Structures are given as structure tokens and as C-alpha cells.
Amino acid sequence: VPDRLSREAAVAFDEASPLRDRRELFAIPAGKVYLTGNSLGAIPKHVPARMAEVVAQEWGEALISAWNTADWTQLPWRVAARIEPMIGAAPGTVHVGDSTSVTLFKTMVAAVNLRPGRDVIVVEPTTFPTDGYIAQGIARTFGKTVRWCDPADPAASLDDDVALLSLTHVDFRSGAMFDMAAVTAAAHDAGAVMLWDLCHSTGAVPVDLAASDADFAVGCTYKYLNGGPGSPAFGYVAPRLHDSIEQPITGWWGHARPFEMRRDYEPAAGVAQMTVGTPPVLALSALEAALEVFDGLSHDDVRDASLSLTDLFIALVEARLPGVLELITPREHAHRGSQVSWRHDQAYGIVQALIGRGVVGDFREPDVARFGFAPIYVTHADVYDAVEHLVQVLAHDEHLDAAYATKDAVT
Ligand SMILES: Cc1ncc(COP(=O)(O)O)c(C=O)c1O
């Protein structure tokens, strides 16, 4: 029996994994250990050919007819139907098309509109910046107030003034994960509406919006869903709210009958009223194709693989570099997403030196080295190799190289 922390054991884990055939579906350059799927997912191998086809045949030859012949009008809904089962959303509850930030804006305003007379939006100060910025913009524009909660106890910030509690399910910096059902119940007990940002969850950790009774959710598709840089975000609205929401960007694609070209706005029924303008067909086509890699996968297998990878990474770093890096990701499975983050004074240099060796993680201010584990294509052997490189970087002081004294624009 090989040592639990040996490379042989890692390879044996990969060979026994129910996800073992999936990595082959991705075009990951040879020799690269890609631990940034929580920022930009890898590209599935079949996506370039599909894109070439869409460009040459649908756009190139069919031109405007492709709206009908290639069913471009239904493309956002086909993508939504693929995402719904991944997040415990009933059919007809998800829309896709704008950026995460714009989808957050539409959704937060729709949420706040459900609670007239309540003026507070509660957000955790550790959230991804755009979530806080959007809440602040809404507060300025609509005469609301942002209240920052303690991420360890968001419920403590709830009272009769709170219209909306908006939280990121898995924290982008630490990888800490909220208990979705418990926090949602606390928001509802206080009479508030609950919105979850699922950017760091979808495709990597189980999410059940219906069972958690969430009101709204928003998530990007370019991380664990591998939709490509800047691919369109999705939004979720609980079906019980479809008849009472009012969203602020009343564009023509959200109209009940867009091609009647009427003067006055009339919202479409159901979740379609959350849409705004012409769908980004090329981006949606890439995303639609990319989502095929999830066909037939069990959520439990994905979660098991994610925990096994992150457990191994933590165990190897702590065994081989005791006391060198400070773990800021929760050890308890129930509170951990699919990434592992470490604090170190030279975190930026460490990440850059690793990238120089083909191990791609990223850096987040002020001193965090962040490693994402997309369970569908990261292997246990990758984890072993990443830690071996980390040991070498620190042994040879590669992280102290003068080249890393100034930071690149994207870290
Ligand atoms: C939690 C979270 N929300 C939102 C975003 C980004 O929003 P957008 O897609 O509009 O850039 C990110 C990006 O990393 C994120 O991590």
C-alpha cells in the first residue's frame, strides 16, 4: 500500500475516480497544472470546432435567418435549461445573458422592490467587490442603505429595516461556504429577501436553491462552467415570485411580445421578464457547447472529487511545509468550497514563481495565494505535482525574485 501522501497514491485515486474520463475532454496544455478554474475555466476540446461552425454556417451563411433556422431565440433558454438542474432550480426559473454585475443589479433591485418600506441591503464586507459596489450604487440611486454584516454571523445584522440579504455562497478569497438553507431561513424569519451569488459554487459544489427556499441567485459561467472569458451570467428567480417581481432594466427582450414593437413596456411572463436585450449569440454558443462536459455527471461525485482534491492539497502542504503558509480556508467540509487559500507575506511572489513552473494559481490582495480545484479536470496527480513545485520554489527562494516586486494588472 503506497503512502497516503505519495504520488503513487495520488495516481491511484485518479484511476479510481468516477470523473477519470472527463479530463480528456479538456485542452489543458501539456505540463500545466491548472488551478485557476475558479477564475477562468479551461476550454473543452470540442468548443473551438463548434464556434467555427456557428461563425461560418449560422452567422456566415444563414445570417439573419439563423434567429429562426438555428433557433438563436431559444439559445439562452437552452443554456438555462442545462444550468437549472446543476443548482436545484426548477425548469423555467433561470435566465442567462448579461454580465454577472448587470444581473446582480437587476436582481438586487427586483428583490428590494419586493419589500417596500424596508430600506437596508445587507452585504458581507468580504464579498467580491462588484457585489458591494452594485449594492452601493443601488443605495445611492434608490435611496437605500448598505449595511455590512459579520460574515461569521450574517443573521445578527437582520432586523425590520432589512429588505435584502445578499451573500456570496463561497467566498472568493477564502473559499469559505455559507450554509445556504440555514442563512436563507434566518433572512426569511426577519422578513427579508435572500439573494445568493453562486459564482464560486456552480459546477463545483452542490447547490439546491429550491430545497434552500432561496428567493434569488446570480452566478457567472466562466469559472467552473468553463463558458469562456466573460461568458454571460445566469440569474434565478424562485417561481413563487414570478408574478410579483419588477426589475429595473425594462428592455425589449423582456417584453411580453418583443416583435410586436409596441410603444409601452409590458413584462414577459415568468423568468423571461428578467431579460433585457439581444442575447450574445457567440458567447452563448460557446457556453452551450462547454456545458456538455457535465452530461451524466453526479453532483455527489463532483463534490467528493472536490473535497478529496482540496483535502489532499491541504495535507500535502502541511506535511511538506509545516508552518510556512497559513491556511485561511475552512477545514470542515461543510464550510469549504472548491478552493484552498493560504496567507503568506510573499504570496504574490510565490504565485508568480509557481506560474513560471507551469502551476497556475492566483494572488488576491493583500497576501493570499489562491488555488482552485475544478473537480472535472484537476487530478490528484496535479495536486501532488503542484505541491512538489511549491516546495522547490520555497527551497530555492524563487519567490523572492526581483521580477515579482511589482504586480501585473491582473494578478
Ligand atoms: C463572487 C463574484 N461575483 C461576481 C464576480 C464578477 O462579476 P462580473 O462577471 O460582472 O465581472 C466575480 C468574479 O470573479 C465573483 O467572484
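The values are calculated or read from the model by the stated rules, or taken from the named source; none is laboratory data. Just so we're clear, the structure is a prediction, and the values are computed from it rather than from any experiment. Glycine also receives a Cβ, built like all others from the backbone with ideal geometry; neighbour counts cover every protein chain displayed. Only protein heavy atoms, including side chains, enter the accessible area calculation; ligands, DNA and RNA are left aside. Shrake-Rupley method; radii C 1.70, N 1.55, O 1.52, S 1.80 Å.
Think of the range 149-206 as having a plus end and a minus end, set by charges on the Cβ of Lys, Arg, Asp and Glu; of His188, Pro206, Leu164, Pro206 sits farthest toward the positive end of this dipole. Gain on full extension, evaluated as 0.36 nm per residue between Ile355 and His188 minus their Cα-Cα distance, stands at 55.7 nm.
Within the chain, the ratio Rg/Rh, alpha carbon atoms throughout and Rh by Kirkwood, equals 0.99.
Hey, got the dipole for the range 69-218? About the Cα centre, +1 on K and R Cβ, -1 on D and E Cβ, debye to the nearest 20? Don't skip to the answer; put the middle values down first.
Values: 9 positive and 18 negative charges, 105 e Å.
Taking the Cα centre of the range 69-218 as origin, the dipole is about 500 debye.
Ligands, DNA and RNA aside, Trp67 has an accessible area near 50 Å² when probed at 1.4 Å.
What number, rounded to the nearest 500 deg cm²/dmol, is the helix-based mean residue ellipticity at 222 nm of the chain, given -39500 (n - 2.57) per DSSP H run of at least four residues and division by all its residues?
Working: 12 runs with 130 residues, N = 411.
Calculated from helices alone, the mean residue ellipticity at 222 nm is -9500 deg cm²/dmol.
Hull volume per residue, based on the alpha-carbon atoms of the range 248-379 and their convex hull, is 195 Å³. Using only side-chain charges placed at the Cβ, +1 for Lys and Arg and -1 for Asp and Glu, the dipole size of the range 296-336 relative to its Cα centre rounds to 120 debye.
Computing FRET efficiency as 1/(1 + (r/R0)^6) for Asp150 and Thr69, where r is the C-beta to C-beta distance and R0 is 45 Å, gives about 0.25. Between Asp304 and Arg240, the contour length at 0.36 nm per residue exceeds the Cα-Cα span by 19.8 nm.
Among the GluC sites (Glu not before Pro) within the range 302-393, those in coil by DSSP and having at most 16 neighbouring Cβ atoms inside 10 Å are Glu332. Remark: the chain carries 42 Å² of accessible area per residue (probe radius 1.4 Å; ligands, DNA and RNA excluded).
Over every Cα atom in the range 311-411, the radius of gyration and the widest Cα-Cα span, Dmax, amount to 12.9, 40 Å.
Loop-only check: which trypsin sites (Lys or Arg not before Pro) in the range 320-362 are DSSP coil with at most 12 other Cβ within 10 angstrom? Don't skip to the answer; put the middle values down first.
On the way: sites: Arg320, Arg331, Arg336, Arg343, Arg357; in loops: Arg331, Arg357.
Within the range 320-362, the qualifying trypsin sites (Lys or Arg not before Pro) (loop, at most 12 other Cβ atoms within 10 Å) are Arg331.
Percent of accessible area on the range 261-352 owned by carbon and sulfur, 1.4 Å probe? If you can, show how the numbers build up before the last one.
On the way: 1900 of 3850 Å².
Accessible surface attributable to carbon and sulfur in the range 261-352 totals 49 percent.
Across the options Pro2, Pro44, Gly31, the greatest Cα extent toward the positive end of the charge dipole of the range 1-48 (unit charges at beta carbon of Lys, Arg, Asp, Glu) belongs to Pro44. Within the full protein context, the accessible area of Phe128 is estimated at about 90 Å² for a probe radius of 1.4 Å.
One Cα centroid belongs to the range 335-383, the other to the range 80-107; the line between them spans 28 Å.
Looking only at the range 254-290, which residues have a backbone nitrogen under 16 Å from a spot 7 Å from the Cα of Phe142 in the C-beta direction? Under cut-off, by backbone N: 274-275.
Tell me the relative contact order for the chain as a rounded percent, counting alpha carbon contacts under 8 Å between residues six or more apart.
Values: 775 pairs, mean separation 90.6, N = 411.
Relative contact order here is 22 percent.
The GluC sites (Glu not before Pro) of the range 196-304 meeting both criteria, a DSSP state outside H, G, I, E and B (loop) and at most 13 other C-beta atoms within 10 angstrom of the site's C-beta, are Glu246.
Run the dipole for the chain about the Cα centre, Lys and Arg Cβ at +1, Asp and Glu Cβ at -1, nothing else charged, and hand back the magnitude in debye, nearest 20.
Details: 31 positive and 53 negative charges, 140 e Å.
Roughly 680 debye for the chain.
Out of Pro330, Leu354, Ile314, whose Cα points farthest toward the positive end of the dipole of the range 298-375 (charges: +1 Lys, Arg; -1 Asp, Glu; placed on Cβ)? Of Pro330, Leu354, Ile314, it is Leu354. Taking the DSSP bridge list for the chain and keeping only pairs wholly inside it, about 55 percent are antiparallel.
Note the full-extension length gain between Gln392 and Val11 as 0.36 nm times their separation in residues minus their Cα-Cα distance, in nm to one decimal.
Values: separation 381, 0.36 × 381 = 137.16 nm, distance 2.09 nm.
Here the segment from Gln392 to Val11 would lengthen by 135.1 nm.
Using r as the Cβ-Cβ distance of Trp252 and Thr130, and R0 as 30 Å, what FRET efficiency do you calculate, to the nearest 0.05? Walk me through the numbers before you get to the answer.
Details: r = 26 Å, r/R0 = 0.86.
For R0 = 30 Å, the calculated efficiency reads 0.70.
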